[in-house]
Amino acid sequence: MRDAVREVLAGEDAWVVGGAVRDELLGRPLVDLDVAIAEPEQAARRFARASGGAPFPLSERHGAWRVALDGGRTVDFTPLRRPLEEDLASRDFTINAIAVPLEGGEPVDPFRGREDLAARTLRAVSESIFADDPLRLLRAVRLEDELGFQLDPATEELLRAHAGRVGEPSGERIVGELERLSSDGFRRLDEVGLLRPLGGLLERLNDRVDSSRYRLVSVFGDRLRRLPVSNELRRYASALLRAERPPDDSPRSLHRFRRRTEPWAADALAFLDALDLVAALERSRAADPAAPLLRGDELGISPGPEIGRLLELVAEERAAGTISTREEALELVRRNVKAP
């Protein structure tokens, strides 16, 4: 990706900055590239034409542009301030305030970020970083979590002093940071005073399922609805939050539980601390028939909610083992159909 950008911008005064330099020095895979250049929009459009990516403005306020590539990779083009040291002074942490010429050459590192990389320390570039962009409060904890670094004492004190501003960024930006946190990351958020202002609590946080959405539901519960999350995540949260532990491991009980929670029944059991029922859930799933005993148009009644009720009744009794044939299903329907 870096070679492709270098080829398009050959001869330009451009610098690789931020997380891309940091990750390269740490030996981490390069997923995102951040290039500082005098004309970001022009550079983004040129690179997009050459790469087949999609260019769009990332920040009208700051003049940054992004090109989205396949595989979730991105290249950001940001305005280059002069002198370069002034550009780097506007960054958040010293480990992100290192620049390398796009054409190759020695790093420019005015804040000794490479020393902090070696010490695995997260240090603020200036005392204004959190006031300049409160999202950096969450980013600080996320970088600690992802990189295994630790805030230096002065930066942690600064973060705690600004904790009340954690809810100021847009909901989309907040969710973007929260989605990347591990369970330990959420515990660290709570420790430094950033979790409660966002409406999060640790009481239900657990490590039974290793997924971002599971952690979000565990930490925020119903309060997750206040955040701009996807409809899929809303449905997932609703399934887990309304789930009730099956009274036993019978096929009937598991069928009813699955009707309310699939395709997330296993996560719902974990959320309820009912992992003792996982084996019964797997047996229930394995016993699912390839086809239903009846279709709605075979019931002989007018379209409406009654068809759904009867088909579900047939499905439950089949799961419970009380019926197994089409004829038995039709007889069950005949006995239970409600008169119009």
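The values are calculated or read from the model by the stated rules, or taken from the named source; none is laboratory data. Everything quoted here is computed from the prediction, not taken from an experiment. Using ideal geometry, Cβ is built from the backbone for each residue, glycine included, and neighbour counts are taken over all protein chains shown. Heads up: the accessible areas ignore ligands, DNA and RNA and are worked out on the full protein's heavy atoms, side chains in. Shrake-Rupley method; radii C 1.70, N 1.55, O 1.52, S 1.80 Å.
If you check Asp273, Asp249, Asp267 for being at positive phi and modelled with pLDDT of 95 or more, only one passes: Asp273. Scanning the range 74-94 for residues that are closer than 18 Å to Ser128 by Cβ and either under 30 Å from the mean Cα position of the chain (by Cα) or crowded, with 21+ Cβ neighbours inside 10 Å (or both) returns Asp87, Leu88, Ala89, Ser90, Arg91, Asp92, Phe93, Thr94. Of all residues in the range 192-212, those that are over 19 Å from Leu158 (Cα atoms) and at pLDDT 95 or above have Cβ atoms under 8 Å from Cβ atoms of residues that are part of a loop (DSSP other than H, G, I, E, B) and of a type in the set (Lys, Arg), 6 or more apart or on another chain, in Ser212/Arg180. Screening the range 258-340 for helices (runs of 4 or more DSSP H) wholly inside it with 2 or more residues that are open to solvent by less than 50 Å² (accessible area, probe 1.4 Å) and closer than 30 Å to Glu232 by Cα returns the ranges 265-271, 278-286, 305-320. Taking the criterion of being under 29 Å from the mean Cα position of the chain (by Cα), among the small types (Gly, Ala, Ser) and more than 13 Å from Asp76 (Cβ to Cβ), would at least one residue in the range 5-26 satisfy it? Within the range 5-26, not a single residue is under 29 Å from the mean Cα position of the chain (by Cα), among the small types (Gly, Ala, Ser) and more than 13 Å from Asp76 (Cβ to Cβ). Only a single criterion out of (1) touching a residue at least 12 places away in the same chain (Cβ under 8 Å); (2) open to solvent by 70 Å² or more (accessible area, probe 1.4 Å); (3) within 25 Å of the chain's Cα centre (by Cα) is not satisfied by Gly71, namely (1). For the range 67-89, check the following and say yes or no: at least one residue is under 16 Å from Arg139 (Cβ atoms), among the aliphatic types (A, V, I, L, M) and not in a strand (DSSP E or B). For the range 67-89, residues under 16 Å from Arg139 (Cβ atoms), among the aliphatic types (A, V, I, L, M) and not in a strand (DSSP E or B): absent. The lone criterion from (1) open to solvent by less than 30 Å² (accessible area, probe 1.4 Å); (2) part of a helix (DSSP H, G or I) left unmet by Pro246 is number (2). Taking the listed residues Ala43, Ala50, Ala38, the one that is within 19 Å of Arg82 (Cβ to Cβ) and open to solvent by 30 Å² or more (accessible area, probe 1.4 Å) is Ala38, with no other qualifying.
Hey, any hits in the range 189-200 for a residue that's open to solvent by 20 Å² or more (accessible area, probe 1.4 Å), closer than 16 Å to Asp267 by Cβ and more than 12 Å from the chain's Cα centre (by Cα)?
no
Sub-7 Å Cβ pairs linking a first residue in the range 253-266 that is over 13 Å from Leu277 (Cβ atoms) to a second residue that is not in a helix (DSSP H, G or I), at least 6 apart or interchain, are Arg260/Ala243, ordered by first then second residue. Just wondering, is there one or more residues in the range 276-294 that are touching a residue at least 60 places away in the same chain (Cβ under 8 Å), aliphatic (A, V, I, L, M) and closer than 17 Å to Arg256 by Cβ? Within the range 276-294, not a single residue is touching a residue at least 60 places away in the same chain (Cβ under 8 Å), aliphatic (A, V, I, L, M) and closer than 17 Å to Arg256 by Cβ. Contact map, the range 10-28: residues that are buried (at least 17 other Cβ atoms within 10 Å of the Cβ) paired with residues that are of a type in the set (Asp, Glu) and modelled with pLDDT of 90 or more, Cβ distance under 6 Å, separation 6+ or inter-chain. Pairs shown: Val17/Asp34; Gly18/Asp34; Ala20/Asp34. Restricting Ala131, Ala89, Ala97 to residues that are hydrophobic (A, V, I, L, M, F, W, C), more than 17 Å from Leu33 (Cα to Cα) and at pLDDT 95 or above narrows the list to Ala131.
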